[in-house]
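What follows is a single structure, written as structure tokens, with notes after it.
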Amino acid sequence: MTDTALITIRKLVKTYGALPVLRSIDLDITRGESVALLGANGSGKSTLLRLVAGLSKATSGEIRVGGWELPREAHAIRAQIGLVAHRTLIYDNLTARENLRFFGRLYSLQDIDARIERGLARVGLAKRGNDVVRTFSRGMQQRLAIARALLHDPAVLLLDEPYTGLDVSAAEILDDIVLHSHTEGRTILLITHELERAARLAGRVIILSKGKVGYDGATPSDLPAQYRQIVGTVSAG
């Protein structure tokens with residue numbers, strides 16, 4: 001582990017039965033770094049994110065976040081992570097405020113009401129805080145999911161295809177939230193299939209190919225042709 005690495009991954013292997021999904025992954029992600037994770041279907045992106053979030057157990061290898069080791073110290077690590085995945089993880093029969101209050105209590109937050117109001121304001125939902133979530137558009141639900149993920153002020157923000165199903169306006173709002181979260185010093189790991197968005201939001205691009213790191217660079221400008229083709233494939237792998 002380097003002195004500045006917040007996330008350290010060594011010889012990470014994940015298999016499902018006889019099917020290898022991740023094949024001896026080695027990565028260091030620096031504190032405050034914004035990283036875009038790309039790759040084709042089945043390349044292992046979502047699997048990697050779930051492992052870092054402590055939601056799945058590796059077959060072998062090592063993952064450390066902030067010095068804590070998974071799975072032994074998963075509880076401490078989850079307190080440092082905000083996750084936005086394919087599912088919003090919010091309850092559509094509750095209001096926006098009720099959702100955030102529920103998750104705030106899970107983290108035993110002391111200043112929960114102030115955090116809720118700040119969270120709703122930052123995602124543009126302050127005026128809809130008392131509305132039931134089932135009345136929200138997909139974009140509004142995803143913005144609320146971001147507010148949920150940031151409620152406990154995590155050091156790491158994990159985003160698994162958060163733009164899926166969003167219109168242009170909602171996607172631009174989400175762009176602003178991601179960029180602002182980065183300026184606040186958070187470490188961001190974003191799964192996307194859009195190379196242009198990756199270049200705009202992240203200072204580093206990692207492409208997984210068949211369960212291995214195929215490309216790891218500061219910018220996608222020198223991306224080899226074979227990986228440009230991979231990136232063009234919408235994925236949930």
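The values are calculated or read from the model by the stated rules, or taken from the named source; none is laboratory data. For clarity, every value in this text was computed on a predicted model and none was experimentally measured. No Cβ is skipped: glycine too gets one built from the backbone with ideal geometry, and neighbour counts run over all protein chains shown.
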Exercise. Out of the stretch 149-177, which residues are free of Cβ contacts under 8 Å to residues at least 60 places away in the same chain and either part of a helix (DSSP H, G or I) or buried (at least 23 other Cβ atoms within 10 Å of the Cβ) (or both)?
Worked result: 168, 169, 170, 171, 172, 173, 174, 175, 176, 177
Problem set entry | Of residues in the stretch 86-116 being closer than 24 Å to residue 166 by Cβ and among the acidic types (Asp, Glu), the one farthest from the chain's Cα centre (by Cα) | 98
Problem set entry | Tabulated pairs, the stretch 78-103, first free of Cβ contacts under 8 Å to residues at least 24 places away in the same chain, second of a type in the set (A, V, I, L, M, F, W, C), C-beta under 8 angstrom, 6+ apart or interchain | 101/112; 101/116; 102/94
Exercise. Which pairs have Cβ atoms under 8 Å, sit 6 or more apart or on different chains, and link a residue in the stretch 178-199 that is within 14 Å of residue 150 (Cβ to Cβ) and among the polar types (S, T, N, Q) to one that is assigned to a loop (DSSP other than H, G, I, E, B) and at pLDDT 90 or above?
Worked result: 187/31; 187/32; 187/33; 187/155
For this session: Answer yes or no: is there a residue in the stretch 189-197 that is modelled with pLDDT under 90 and basic (Lys, Arg).
Result: yes
Exercise. Which one is modelled with the lowest pLDDT, of the residues in the stretch 205-219 that are more than 22 Å from residue 164 (Cβ to Cβ) and of a type outside the set (Gly, Ala, Ser)?
Worked result: 219
